[in-house]
Amino acid sequence: MAHLTVDFRCRKDENRGIYYEETNRCLIFLGSHETLEDIYKTITHEVLHHCFMADDVDKMDEEQEETLVHFVQWADVAL
Ligand SMILES: [Zn+2]
């Protein structure tokens, strides 16, 4: 799996974070968050997108991937 770069921007954006598959880079927009925990959740969200791009993971469309990220993020509460 290719290395992932996580980069931060202080400004607010319509996205809280975004993952660029073509460059294996996440951008986290700090101004779009209210708490540190919120920022950690967004970092985890974008890192999961990167993990789901691994060659040995079945390909998903965007909706399937967002749903799986959502389930993983809530898994600790549901268990
Ligand atoms: Zn996402």
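In nm, give the distance between the simple-model label positions of N24 and Y40, each being 7 Å from the Cα along the Cα-to-Cβ direction.
Modelled inter-label distance: 2.6 nm.
When only C-alpha pairs under 8 Å and at least 6 residues apart count, what is the relative contact order of the stretch 5-78, in percent? Show your work: numbers first, answer last.
Details: 83 pairs, mean separation 18.7, N = 74.
Across the stretch 5-78, relative contact order equals 25 percent.
On full extension of the chain, what length is gained from D7 through V72, given 0.36 nm per residue of separation minus the C-alpha to C-alpha distance? Let's see the in-between values first.
Numbers: separation 65, 0.36 × 65 = 23.40 nm, distance 2.23 nm.
Value of the extension gain: 21.2 nm.
When the Debye formula is applied to the Cα atoms of the chain, each taken as the same point scatterer, what base-10 log of I(q)/I(0) results at q = 0.22, 0.24 Å⁻¹?
With one equal scatterer per Cα and no solvent, log10 I(q)/I(0) is -1.08, -1.21.
All of the numbers you see were taken from the coordinates with simple rules; none came from a lab. Predicted model, so just to flag it, every value in this text is computed and none were measured. Virtual Cβ from ideal backbone geometry, glycine too; neighbours counted across all protein chains shown.
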